[in-house]
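The values are calculated or read from the model by the stated rules, or taken from the named source; none is laboratory data. Because the structure is a prediction, the values reported are computed rather than measured. Ideal geometry is used to build each Cβ from the backbone, glycine not excepted, and the neighbour counts take in all protein chains shown. The accessibility values were calculated without ligands, DNA or RNA, using every heavy atom of the protein model including side chains. Shrake-Rupley method; radii C 1.70, N 1.55, O 1.52, S 1.80 Å.
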Amino acid sequence: MHAESSGSQPSTGVTMNRRLLLSAMGAGGAGLALGALGHRAYASQESQQTVDDQVPFYGEHQSGIITEAQDRMHTAAFDVQARSREELIELLQNWTRAIAQMMKGQPVGTSGAVDGSYDAPPEDTGEALGLPASRLTVTIGFGRTLFEKDGKARFGLDGKLPEALIELPHFRSDMIEEARSNGDIIVQACADDPQVAVHAIRNLSRLAFGKANVRWSQIGFGRTSKTSTAQSTPRNLFGFKDGTNNIVAEHTDEINEHVWVQKQRTDQPWMVGGSYMVIRRIRMHIETWDRATLGEQENLVGRLKGSGAPLSGGEEFTAPDFTMAGSNGPIIPVDSHIAVVHPDAHQGIKMLRRGFNYTDGSDGLGRLDAGLFFIAFVTDARTHFVPIQQAMSANDAMTEYLRNTSSGLYAIVPGVREGQYLGQQLFES
Amino acid sequence: MNKTSTAVAVLVVGTLALAGCTDNTTEASTDGAISVVSTNDTCNVSTDTTAGGTIKFDVKNEGSAVTEFYLLAEDGLRIVGEVENIGPGVTRDLVVMAPQGKYFTACKPGMVGDGIRAAFTVSESADGQEVSADRAALQKNATDQYAAYVKDQTEQLVRGTEKFAEAFASGDEELAKSLYAPTRMHWERIEPVAESFGDLDPILDAREADLEAGDSFTGWHRAEKDLWAPEGYTKMSQGDREEIATKMVEDTKELYTRTQSLEFTPDQLANGAKELLDEVATGKVTGEEETFSHTDLWDFQANLEGAKIAYEDLQPLLAGTDDALDEELKTNFAALQKQLDAYREGDGFKYYQDLSDSQIKELASGVDALSEPLSKLTAVVVK
């Protein structure tokens, strides 16, 4: 918690200040004047302020994976209606262009939000106008159903379905809602400002009308893991530090081992440099959890709630000692969360977790519909997710307080160079 | 409070909060707790005397092995209170109610031997604070009563399951259906105990959604699905039914055998009562437990009864210690029962799917109203 208190999230601070500045301008009547200046002047004025807020779009890998986790997320899954391969490629080209613009903090299209024809709807929806790029990243992946549906190949993609893009099995106690699971394409938008993330999904959805429509989407707040040594470990909605043991971007060997798809380990060369994204919407029984004694909560997690140290002692990053004897078996209970999912129990397998807390208001019984929108990037879900989830659903006592309501696996395409479009490696392989 | 003192207060709280992250003993000075530091070969208790009543020890383990801390009675044998499993670097609390008298404190690094002991004196209680003379006797009485209750329920469960299994296996669906919910009530009353047997619970009470590919589906809910068959479901053959029925009886008898010698602790009773209400909150009031028969309110009633028994057994430990909590629990148990009584029909209850959304919401809020104070029971009864 020391680290947390001192980790004051500088980027959020910057964004906040700019938003404050903006609203102060609005309050002073300057907002109108600014509007009249038009977006180009406005954008250039902004871009001077915001270079630090931009994550590079082009590269070997897509951004939004090892990028230092942002605080906000809007993720949407799309079902594709495009009638041809060409239409689908055109959609991906349009998206790629728009994403590159938005990640620079620019509006989409050539005329943006306010510079177009007076008689036409603006190309950009406008709600991010004047906001910095806010470290927006947009990450795209393909679900199994893009390649084949009802036993038939789609978009000429026969033979291109990676073996690793499996249909995730039903795990014990799953209560999966199909309408908020799976989908042909996944689009994850992360940013430090929720409005920027929502703007991204909204504009991409708009560009997709007629070719793809949103199957489900989810908004998340509050990252639930650290993906950089510079970040402090955040807390999940159970109040515990989450992601203490996560892979961080600086540990390149671990990233290569557990996250990126390597040439020698895939049947599909177009996936090299990509990854697989596992999504699980894990609702938490918040109300009953809050009635559990502190002792029970800590035994379920296997860590102290305050410091995040394992029950075997030490500090947050002290390695747990699963053999240390307590009065009634190991001091870290064998059915505690960390005992069940720790890499030691899974041949050293790790995942790059990049999930978010979510709240979708309350349900009909007045209870919080809230929990963890679990996201993990792995090199192969068959080895890096399924066995761990199976162990968790069978042996982890914490699952009594959880309910998995959505599930999905997506092939995250590799990154692209300028002039290429996201997914090009697949269509030209 | 003027502005200056507010700022100072905020600063102080901030400092405490920061310090508290790694060192809970900071609180010792603010809440009157006695600080205990246990190392591999010392047991440093900050005072050897205190006033009778509720006594709190903050026990910090500065050793390298897991430690325990005890407050023992004058004979050095009877445990007045204990806190186990204090990992290296970890601080745990022990809260006990102790009347005037002579005691011993003991740290037990490595959890072996008699521990490092020291004499400890409890002086007269502060005015107006009455301390029950022998809470250990009250605790024992409570857990003995509860153990007897568990035995009785499992015995009835075995008899009921035999009758149900016979009707089910012989194809007398009418009879089997009428026995299903009332018989399950014996299970539901002691659900936390039954569930504590990790091998028996899934084979007797797993719902279909609880399984993954390759798991076999047996027990109560397997029979339920066959009796209240959903559309498109193919009924079991006579042979399959017999197999399921036989297994249910065998597994229930095994449960019976194992529960005969069970002993409980007060915190298990209190936590068990809370868990029973959790069961209602997450399974019954949402209609997920009895997917096919919709007899969730029978289970609801049984969970409520089981929780009430545990509370009533523990009640002597509450009286005089936390009368307000006692009163609140009494009132809220009665209120929830009254709510549930409104749905009684004949010997049983309305089916879950016949309840309106607003009725379900009212029941859920009644469950929450009782669950919240019930979750405070453990901390009081372990004193």
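Look at (1) part of a loop (DSSP other than H, G, I, E, B); (2) surrounded by 20 or more Cβ atoms within 10 Å (Cβ to Cβ); (3) more than 14 Å from chain B (Cβ to nearest Cβ) and you find that A:Val196 fails only one, number (1).
Restricting region B:105-122 to residues that are open to solvent by 60 Å² or more (accessible area, probe 1.4 Å) and not acidic (Asp, Glu) leaves a set whose member that is farthest from the other protein chains (Cβ to nearest Cβ) is B:Ala119.
Right, A:Gln195: at pLDDT 95 or above, farther than 30 Å from B:Arg207 by Cβ, of a type in the set (S, T, N, Q) and in contact with a Ser or Thr (Cβ under 9 Å, 6 or more places away or on another chain) or not? It is true that A:Gln195 is at pLDDT 95 or above, farther than 30 Å from B:Arg207 by Cβ, of a type in the set (S, T, N, Q) and in contact with a Ser or Thr (Cβ under 9 Å, 6 or more places away or on another chain).
Let's see how each residue does on (1) open to solvent by less than 20 Å² (accessible area, probe 1.4 Å); (2) touching a helix residue (DSSP H, G or I) at 6+ places or on another chain (Cβ under 6 Å); (3) more than 30 Å from B:Thr91 (Cα to Cα):
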| residue | (1), (2), (3) |
| --- | --- |
| A:Asp242 | yes, no, no |
| A:Ile255 | yes, no, yes |
| A:Gln262 | no, no, yes |
| A:Met271 | yes, no, yes |
| A:Ile282 | yes, no, yes |
| A:Thr288 | yes, yes, no |
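On inspection, B:Ala73 passes the criterion of being modelled with pLDDT of 90 or more and open to solvent by less than 40 Å² (accessible area, probe 1.4 Å). Scanning region A:55-72 for residues that are under 21 Å from A:Gln106 (Cβ atoms) and either in contact with a helix residue (DSSP H, G or I) (Cβ under 6 Å, 6 or more places away or on another chain) or crowded, with 17+ Cβ neighbours inside 10 Å (or both) yields A:Val55, A:Phe57, A:Gln62, A:Ser63, A:Gly64, A:Thr67, A:Gln70, A:Arg72.
What number of residues within region B:368-383 are of a type in the set (A, V, I, L, M, F, W, C), more than 9 Å from chain A (Cβ to nearest Cβ) and part of a helix (DSSP H, G or I)? Spell out the reasoning first.
So the first thing to find is which residues in region B:368-383 are of a type in the set (A, V, I, L, M, F, W, C), and the list is B:369-370, B:374, B:377, B:379-382.
With more than 9 Å from chain A (Cβ to nearest Cβ) added as a condition, the list becomes B:369-370, B:377, B:380-382.
Adding the requirement that they be part of a helix (DSSP H, G or I) leaves B:369-370, B:377, B:380-381.
Within region B:368-383, residues that are of a type in the set (A, V, I, L, M, F, W, C), more than 9 Å from chain A (Cβ to nearest Cβ) and part of a helix (DSSP H, G or I) number 5.
In summary, helices (runs of 4 or more DSSP H) completely within region A:228-322 and bearing 3 or more residues that are under 30 Å from B:Ser371 (Cβ atoms) and within 13 Å of another protein chain (Cβ to nearest Cβ) occur at A:286-290, A:294-301. Do you know which residues across region B:267-314 are closer than 18 Å to B:Gly366 by Cβ, open to solvent by less than 30 Å² (accessible area, probe 1.4 Å) and outside any helix (DSSP H, G or I)? Within region B:267-314, B:Val285, B:Gly287, B:Glu289 qualify. The set of residues in region A:290-323 that are free of Cβ contacts under 8 Å to residues at least 24 places away in the same chain, closer than 23 Å to B:Asp267 by Cβ and open to solvent by 20 Å² or more (accessible area, probe 1.4 Å) comprises A:Asp290, A:Thr293, A:Leu294, A:Gly295, A:Glu296, A:Leu304. Does region B:19-30 contain at least one residue that is at pLDDT 95 or above, more than 14 Å from chain A (Cβ to nearest Cβ), out of contact with any His (no Cβ under 7 Å at 6 or more places or on another chain) and open to solvent by less than 60 Å² (accessible area, probe 1.4 Å)? No, the conditions are met nowhere in region B:19-30.
Test A:Ser84 against the stated conditions and say whether it is open to solvent by 10 Å² or more (accessible area, probe 1.4 Å), within 23 Å of A:Gln425 (Cβ to Cβ) and hydroxyl-bearing (Ser, Thr, Tyr).
Numbers: open to solvent by 10 Å² or more (accessible area, probe 1.4 Å): yes; within 23 Å of A:Gln425 (Cβ to Cβ): yes; hydroxyl-bearing (Ser, Thr, Tyr): yes.
Yes.
Looking across region B:232-266, the residues that are closer than 30 Å to B:Glu372 by Cα, crowded, with 18+ Cβ neighbours inside 10 Å and not β-branched (Val, Ile, Thr) come down to B:Phe264, B:Pro266.
Considering only residues that are among the β-branched types (Val, Ile, Thr) and part of a strand (DSSP E or B), look in region B:39-61 and name the one that is surrounded by the most Cβ atoms within 10 Å (Cβ to Cβ). Talk me through it step by step, then tell me what you get.
Looking only at region B:39-61, we keep the residues that are among the β-branched types (Val, Ile, Thr), and these are B:39, B:42, B:45, B:47, B:49-50, B:54-55, B:59.
Now drop any that are not part of a strand (DSSP E or B), which leaves B:45, B:49-50, B:54-55, B:59.
Working: B:Val45: 19, B:Thr49: 11, B:Thr50: 17, B:Thr54: 16, B:Ile55: 23, B:Val59: 26.
The residue in question is B:Val59.
Kindly establish whether B:Leu340 is more than 13 Å from every other protein chain (Cβ to nearest Cβ) and on the phi < 0 side of the Ramachandran plot.
Numbers: more than 13 Å from every other protein chain (Cβ to nearest Cβ): yes; on the phi < 0 side of the Ramachandran plot: yes.
Yes; evaluated as a whole, the condition is true for this residue.
Considering the conditions (1) crowded, with 17+ Cβ neighbours inside 10 Å; (2) within 30 Å of A:Asp321 (Cα to Cα); (3) small (Gly, Ala, Ser), B:Ser64 is excluded by exactly one of them, (1).
Restricting to region A:215-231, name every residue that is more than 11 Å from A:Met73 (Cα to Cα) and of a type outside the set (A, V, I, L, M). Talk me through it step by step, then tell me what you get.
Taking region A:215-231 as the starting set, the residues that turn out to be more than 11 Å from A:Met73 (Cα to Cα) are A:215-216, A:224-231.
Result: A:Arg215, A:Trp216, A:Thr224, A:Ser225, A:Lys226, A:Thr227, A:Ser228, A:Thr229, A:Gln231.
Residues considered: B:Glu208, B:Glu212, B:Glu224. Of these, the only one that is open to solvent by 70 Å² or more (accessible area, probe 1.4 Å) and either at pLDDT below 95 or not hydroxyl-bearing (Ser, Thr, Tyr) (or both) is B:Glu208.
Of the residues A:Gly239, A:Gly210, A:Gly308, A:Gly220, which single one is of a type in the set (Gly, Ala, Ser) and on the phi < 0 side of the Ramachandran plot?
Working: A:Gly239 fails: on the phi < 0 side of the Ramachandran plot; A:Gly210 fails: on the phi < 0 side of the Ramachandran plot; A:Gly308 fails: on the phi < 0 side of the Ramachandran plot.
None of the other options fit; the residue is A:Gly220.
Just to be sure, is B:Gln139 under 24 Å from B:Pro316 (Cβ atoms), away from chain A (no Cβ under 14 Å), polar (S, T, N, Q) and open to solvent by less than 30 Å² (accessible area, probe 1.4 Å)? Step through it out loud before you land on a result.
On the way: under 24 Å from B:Pro316 (Cβ atoms): yes; away from chain A (no Cβ under 14 Å): yes; polar (S, T, N, Q): yes; open to solvent by less than 30 Å² (accessible area, probe 1.4 Å): no.
The answer is no for B:Gln139.
Taking the condition of being surrounded by fewer than 16 Cβ atoms within 10 Å (Cβ to Cβ) and of a type in the set (Ser, Thr, Tyr), how many residues in region B:315-360 meet it? Adding up the residues that qualify gives 3.
I'd like to know if region B:147-162 contains one or more residues that are more than 14 Å from chain A (Cβ to nearest Cβ), in contact with a Pro (Cβ under 8 Å, 6 or more places away or on another chain) and not basic (Lys, Arg). Within region B:147-162, one or more residues are more than 14 Å from chain A (Cβ to nearest Cβ), in contact with a Pro (Cβ under 8 Å, 6 or more places away or on another chain) and not basic (Lys, Arg).
Here are some residues: B:Glu250, B:Glu231. Which one is part of a helix (DSSP H, G or I), charged (D, E, K, R), more than 14 Å from chain A (Cβ to nearest Cβ) and out of contact with any helix residue (DSSP H, G or I) (no Cβ under 6 Å at 6 or more places or on another chain)?
B:Glu250
Of all residues in region B:171-189, those that are open to solvent by 20 Å² or more (accessible area, probe 1.4 Å) have Cβ atoms under 6 Å from Cβ atoms of residues that are acidic (Asp, Glu), 6 or more apart or on another chain, in B:Arg189/B:Glu305.
Among the helices (runs of 4 or more DSSP H) confined wholly to region A:332-429, which include 1 or more residues that are open to solvent by 20 Å² or more (accessible area, probe 1.4 Å) and touching a helix residue (DSSP H, G or I) at 6+ places or on another chain (Cβ under 8 Å)? So that I can check it myself, show each step before the final result.
Working: elements: A:337-341, A:381-384, A:386-395, A:424-427.
Helices (runs of 4 or more DSSP H) meeting the threshold: A:337-341, A:386-395, A:424-427.
Let's see how each residue does on (1) over 22 Å from the mean Cα position of the chain (by Cα); (2) open to solvent by 10 Å² or more (accessible area, probe 1.4 Å):
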site	(1), (2)
A:Pro132	no, no
A:Ile140	no, no
A:Gly151	yes, yes
A:Gly159	yes, yes
A:Pro169	no, yes
